[in-house]
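Here the structure is laid out as structure tokens; the discussion comes afterwards.
The values are calculated or read from the model by the stated rules, or taken from the named source; none is laboratory data. Model, not experiment: these values are computed from the prediction. Here Cβ is always computed from backbone atoms with ideal geometry, including for glycine, and neighbour counts include all displayed protein chains.
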Amino acid sequence: MDDSKDWLDKTKKKVMERFSGEEGSHDWHHIDRVRRMALQLCTVEGGDPFIVEMAALLHDMEDWKLDSTDNRNFSVREWLVAEGMEKEQAEKILTITGEVSFRGMGVITPCSSLESMIVQDADRLDAIGAIGIARAFAYGGREGRPLHVPGEKPVFHSSFGEYRNHKGSTVQHFHEKLLALKDRCNTGEGRRIAAQRHEFMVLFLDHFFRDWYMGVPPEDLQD
Ligand code: NI
């Protein structure tokens, strides 16, 4: 078996194990969609498909949103080293996984390679459109958030700490993060797909407010 297939197989197995029991917003299926999207972006944009796929598989392994106790102390670095990955390759992957996460509207998360841009785009694309809507409400439910609070205004977070600690409604989260993601995509193909998914979210919110306010949305919620 060639080496990269071997790596991908054992990484997949490890990630599936770790994400078993997670709810729908951050489960194995999220990882798998990001992996497939990243590979699709890779065929259009270029980049090393092995590095892209490995980083996509590992991108949420140390995520601050995962809270199952046995998931807390996992180190991707230690695992790659223990499994025998050569240092240079491991560093490439770790740099990408470190760069993927969205940490607030005012917090810049730059990418240092094409592979990193691709994985970041794939992760962001899974946060928008129909899947993004489903994931946002699943996550909101898990955190005990209301769907929407009339009169609530979006908050611009200028630090990661602020973003992490803020507890608004799920619809507010659309304004604080999801609607901004199409302009935060790095690659041309990422932006193209993001534009379509964005359009669907705007339509969803339009219906949401129309249904909630029975046709009369309050002034401050109209763009
Ligand atoms: Ni993710």
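If you go through region 33-65 and keep only what is part of a helix (DSSP H, G or I), within 11 Å of the ligand (Cβ to nearest atom) and surrounded by fewer than 21 Cβ atoms within 10 Å (Cβ to Cβ), you end up with just Arg33.
When region 120-175 is examined, which residues are found to be of a type in the set (Asp, Glu) and either at pLDDT 75 or above or closer than 19 Å to Met37 by Cβ (or both)? Working first, answer last.
Taking region 120-175 first, the residues of a type in the set (Asp, Glu) are 121, 123, 126, 143, 152, 162.
Within region 120-175, Asp121, Asp123, Asp126, Glu143, Glu152 qualify.
The residue of region 95-106 that is farthest from the ligand (Cβ to nearest atom), among those that are at pLDDT 70 or above and surrounded by fewer than 17 Cβ atoms within 10 Å (Cβ to Cβ), is Thr95. Residues of region 128-151 that are crowded, with 22+ Cβ neighbours inside 10 Å and part of a loop (DSSP other than H, G, I, E, B): Ile128 alone.
Quick check on my filter: what residues within region 17-32 are part of a helix (DSSP H, G or I) and within 15 Å of the ligand (Cβ to nearest atom)? Walk me through it before giving the result.
Taking region 17-32 and keeping what is part of a helix (DSSP H, G or I), we get 17-19, 24-26, 28-32.
Correct list: Arg18, Phe19, Gly24, Ser25, His26, Trp28, His29, His30, Ile31, Asp32.
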